[in-house]
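The next block holds one structure in the form of C-alpha cells; read it before the comments.
The values are calculated or read from the model by the stated rules, or taken from the named source; none is laboratory data. No experiment lies behind these values; they were computed from the predicted model shown. Glycine also receives a Cβ, built like all others from the backbone with ideal geometry; neighbour counts cover every protein chain displayed.
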Amino acid sequence: MNPALRTGLILCFAVAAAAAMNLQLGAVNLPFTAVLLGLQSGHENYFIVHELRLPRLLLALIVGASLALAGVLVQGVIRNPLASPDLLGVSQGASLAAVILIALYPEVSSLWLPVVSLLGALAAAMILWLLCGRHASPIKIAITGVALAAFYASAIDFVMLTRPQNLNDALLWLTGSLWGRSWEQLWLVLPAVALMPLAVGLCQRLNLNNLGDDYATTLGSAVPQTRFMALALAVGLTAASVAVCGPIGFIGLMAPHLARRLVGGRHQRLIPVVMLTGALLLLLADLATRIIKPPIELPAGIMTAILGGPYFIYLLKKVR
Amino acid sequence: MKAVFKHWIIRFWLIFALPFCAVQAQAGATIEMPGFGELQLEGVPQRIVALEYPFVDALATLGVKPVGVADDNAPERLLPEIRESIGGWQSVGTRAQPSLETIAALKPDLIIADIDRHGAVYAQLQKIAPTLILPSRRASYAETLNSELVISRALGKEQQMQTRLEAHQQTMEKFATQLPQQTEIQFAVATPKNLYAHAPDSFIGGLIRTLGLSVPSINRSDSDEVRQIGLEQLLAFNPPHLVIGRYNDANLLQQWQKQPLWQLLSAVQNNHVYPVDANIWVRGPGILAAEQMAADLVSLLGQG
C-alpha cells in the first residue's frame, strides 16, 4: 500500500479510537454500550454523552484540524518551519478583544465573548493586510505580523495589570479551553469546516509556491494571489477556532511538523494528514485535562503547551 | 376555659394550618433572576450543588447539606465551622471550570451558580437541573447578604434566614460597640508578588463600614472593588490601620518590611499592622465569614 495512504489510515484509526475514548472517559466512566444508549433522548446518560461529550468531541476535531491546517497554510506561505498562525497576530488580536471585554466590561454577559473575539481576530487581520498590502514578500508579512502580535500581547498585559481583579478570568480564557462548550458553540465554528475544502483546492499552487517566487511565477502560478488566499483561509480558520475556544497554543506549530515528518511536504498529502494530526492532538489534550484528576478540569491549552513548549525547543535546536 | 381555648387553637392549627404550610412549601418558589429570566421550582430542592463558596455559607447557615460543592479540591478553603456543618460532600471540581459531568452524575435538583463565573454555561447547567444564578464574585456586602436571602427563598426557608440575618445584624452592632468608631482601616491581601487593596464598596469594605469604621478611598471610583497597589501608593494614602490577609508566610510583605519606605507608614510606626487569614477574609464572603472577620477585628482593635 502507498505509505502516505497507510499513514493516513492509521491516523484515521487513531482519531476514531481517541474519539471513542473521549466519549467513554471522564469524571464518570461509561462502557461503550452506555455511550450508545446515551445518544438517545431521555436516557440517564443523555446529558453527559449528547450534551457534553459529543459536542465537545466534535469541537475538538474541528478546532484541532482548523488550527493545524492554518499552520500548514501559514508555513507554506512564509516558507519557514517555525511559522504558525500566531505569526499573523490574529489570535493575539482576538485575545486582546476578549481580554478588554472580560477585564473592562465584566458586567457584559460572557455569551458575547465569541463574537467580540471573532471581531478582534478579523480586525487584526485587516490591520495586517492594510500594513502589508497585496504584494508584500513573505518576510515582510512575517515581521509585520510578529510586531503586531507583540504589540497586542503587550496591550493585553497592560489591560490585565490595570484590572487585576479580573485577571483569573482573563488568564483562563487566554489558555484556551473546551470546557463548557456545547452545540451552540459548535455552530459558530462550522464556517471553518466550509473553508477546509478551499484549502484542498490550493494544494497545487502551494506546492509551486514552495519552489520559490521566481520558479512559481515561471510555472504559471500567480504567487501574490496564492499567498493572499492561503493567508485569508488561515485567518478564517484561526479566527473561528480562537473565538470559540480561546487561543489554544502550539497545535498550529506542532501538527504541521509532525505531519511533514510523516508524509513529506506535498500539500495533497500534507493537508489531510495535518488535519488528522491536529484533531488527534486536541482530542488527546482535552481527554487528558478531563481524566488526569477528576473532577478537576484543566484548560486544554495547558496540555498543548506542556507538549508544545518542549517540541518547539526541539525544533529550534534542529533548525539551527 | 382559657386553657381549652388555647388547646383548640393549637388543634385547629395542627389540623388545618400546618398541612397548608407544607403544601405552600411543596409548591416551590418562583424567583426572579435579572438577566436570566425566572426560576420556577417544583417543591423544595433536596439535592443541591453549590458552585461558589458564599453559597455554601448560606446553606450552612440554613443547616442544609449540599450534595456537591465546587471546592477547588481544597476543602480547607471553607471555614472550619462551615465544613463541619455541611458534612460530607462531593467535590465537583474548580469554581472556574466545575466538572459538568460530575454535577450531572449527582442528579441535583438545584444548582446555585455565580453570574460572573458560570454565566456562559448557564444554559447547560439549566439542562442538568433548575439553576439559581446569583452575583457572588465582586458582590458587595449588601448584595452577598441578599443572595443568601434569595437562596433561602428557593429552599423554602426564608423565615429562618430572615431571623438569622436579624441576629447577624445584632451581632454586628454588638461588635461595633467594641470597636473604636470612625477609625480608618485598610484591608489588603498580600500574595507573593502583589498587594491587593479592597475598596470601600468591596464585601470587606462594606463589612468594615457596617462596623462603624471607615475605609479610605483608594480609587477614582469606589466601585472598583479591588486594586493592586505598590508600596509608594500605600504610603500616599497612609492608612492608620492596616489589616493584611495572607494565604501563607510567603508573601510580599517579607520583602517590603526590609524597605525604608515601609517604616514610614504610620500603621507600621504605631504597630497597627495586623495579619489575618486570607482564606477566611477573601475566599468565602458570607454571614458566617463576616462574623468571623468582625470577631477578628474586635480582637485586633478592640477596646476591651
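Before moving on, here are some points about what is shown:
- Within the stretch A:168-189, restricting attention to residues that are without any contact (Cβ under 8 Å) to a residue 40 or more places away in the chain and over 21 Å from B:Glu101 (Cα atoms), the residue that is nearest to the other protein chains (Cβ to nearest Cβ) is A:Asn168.
- A Cβ distance below 6 Å, combined with a sequence gap of six or more or placement on separate chains, defines the contacts here; from the stretch A:126-150, residues that are more than 19 Å from A:Ser84 (Cβ to Cβ) and at pLDDT 90 or above reach residues that are in a helix (DSSP H, G or I) and not hydrophobic (A, V, I, L, M, F, W, C) in the pairs A:Leu131/A:Thr144.
- For the stretch B:139-175, a residue qualifies if it is over 13 Å from the mean Cα position of the chain (by Cα) and among the β-branched types (Val, Ile, Thr), and the qualifying residues are B:Val150, B:Thr163, B:Thr171.
- Restricting attention to the stretch B:72-89, the residues being more than 7 Å from every other protein chain (Cβ to nearest Cβ) and free of Cβ contacts under 8 Å to residues at least 40 places away in the same chain number 11.
- Test: residue in the stretch A:219-241 that is within 14 Å of chain B (Cβ to nearest Cβ) and in contact with a helix residue (DSSP H, G or I) (Cβ under 9 Å, 6 or more places away or on another chain): no
- Answer from A:Ser137, A:Ser154 - the residue that is over 30 Å from A:Asn209 (Cα atoms) and away from chain B (no Cβ under 14 Å): A:Ser154
- Residue within the stretch A:83-96 that is under 30 Å from B:Arg137 (Cβ atoms), away from chain B (no Cβ under 14 Å), buried (at least 21 other Cβ atoms within 10 Å of the Cβ) and aliphatic (A, V, I, L, M) present: yes
- Looking only at residues in the stretch A:5-59 that are β-branched (Val, Ile, Thr) and either at pLDDT below 90 or surrounded by 15 or more Cβ atoms within 10 Å (Cβ to Cβ) (or both), the one that is nearest to A:Ile248 (Cα to Cα) is A:Val15.
- Condition check for A:Asn209 on (1) surrounded by 19 or more Cβ atoms within 10 Å (Cβ to Cβ); (2) within 30 Å of B:Arg95 (Cβ to Cβ); (3) over 22 Å from the mean Cα position of the chain (by Cα); (4) not aliphatic (A, V, I, L, M): one failure, at (2).
- Residue, surrounded by the fewest Cβ atoms within 10 Å (Cβ to Cβ), within the stretch A:257-268, restricted to residues that are in contact with a Leu (Cβ under 9 Å, 6 or more places away or on another chain) and over 12 Å from A:Ala65 (Cβ atoms): A:Gly264
A quick yes/no check of all residues on (1) under 16 Å from the mean Cα position of the chain (by Cα); (2) buried (at least 24 other Cβ atoms within 10 Å of the Cβ):
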| residue | (1), (2) |
| --- | --- |
| A:Leu270 | no, yes |
| A:Leu282 | yes, yes |
| A:Ala288 | no, no |
| A:Lys293 | no, no |
| A:Ile296 | no, no |
| A:Gly301 | yes, yes |
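- Test result for B:Arg117, of a type in the set (D, E, K, R) and either modelled with pLDDT of 90 or more or under 25 Å from A:Val244 (Cβ atoms) (or both): yes
- 3 or more residues in contact (Cβ under 8 Å) with a residue 40 or more places away in the chain and of a type in the set (A, V, I, L, M, F, W, C): qualifying strands (runs of 3 or more DSSP E) within the stretch B:154-254: B:185-190, B:241-246
- The set of residues in the stretch B:245-304 being at positive phi and either touching a Phe, Trp or Tyr at 6+ places or on another chain (Cβ under 7 Å) or among the basic types (Lys, Arg) (or both) is empty.
- Any hit, the stretch B:90-109, residues being more than 11 Å from chain A (Cβ to nearest Cβ) and either hydrophobic (A, V, I, L, M, F, W, C) or touching a Cys at 6+ places or on another chain (Cβ under 7 Å) (or both): no
- Test result for B:Pro260, crowded, with 19+ Cβ neighbours inside 10 Å, over 23 Å from B:Gly284 (Cα atoms) and modelled with pLDDT of 85 or more: no
- The stretch B:277-304 - residue that is of a type in the set (Val, Ile, Thr) and modelled with pLDDT under 90 and, of those, farthest from B:Arg164 (Cα to Cα): B:Val282
- Contact map, the stretch A:288-310: residues that are farther than 14 Å from A:Gly252 by Cβ paired with residues that are among the β-branched types (Val, Ile, Thr) and surrounded by fewer than 21 Cβ atoms within 10 Å (Cβ to Cβ), Cβ distance under 6 Å, separation 6+ or inter-chain. Pairs shown: A:Pro299/A:Thr175; A:Ile302/A:Thr175.
- A:Gly93 being in a helix (DSSP H, G or I) and closer than 19 Å to A:Phe151 by Cα: yes
- Odd one out for B:Ile112, checked against (1) within 13 Å of chain A (Cβ to nearest Cβ); (2) under 30 Å from A:Gly176 (Cβ atoms); (3) modelled with pLDDT of 90 or more: (1)
- In this entry, B:Ala70 is excluded by the filter for residues that are assigned by TED's automatic domain parsing to the domain that holds B:Trp89, of a type in the set (Gly, Ala, Ser), under 24 Å from B:Glu166 (Cβ atoms) and modelled with pLDDT of 75 or more.
- Of residues in the stretch B:83-98 being at pLDDT 90 or above and of a type in the set (Val, Ile, Thr), the one nearest to the chain's Cα centre (by Cα): B:Thr94
- Residue within the stretch B:178-187 that is at pLDDT 85 or above, among the polar types (S, T, N, Q) and in contact with a Phe, Trp or Tyr (Cβ under 8 Å, 6 or more places away or on another chain) present: yes
- Qualifying residue in the stretch A:23-39 (condition: over 18 Å from A:Met196 (Cα atoms), within 12 Å of chain B (Cβ to nearest Cβ), under 24 Å from the mean Cα position of the chain (by Cα) and not in a helix (DSSP H, G or I)): yes
- Of the set (1) more than 14 Å from chain B (Cβ to nearest Cβ); (2) touching a residue at least 12 places away in the same chain (Cβ under 8 Å), all apply to A:Asn45 but (1).
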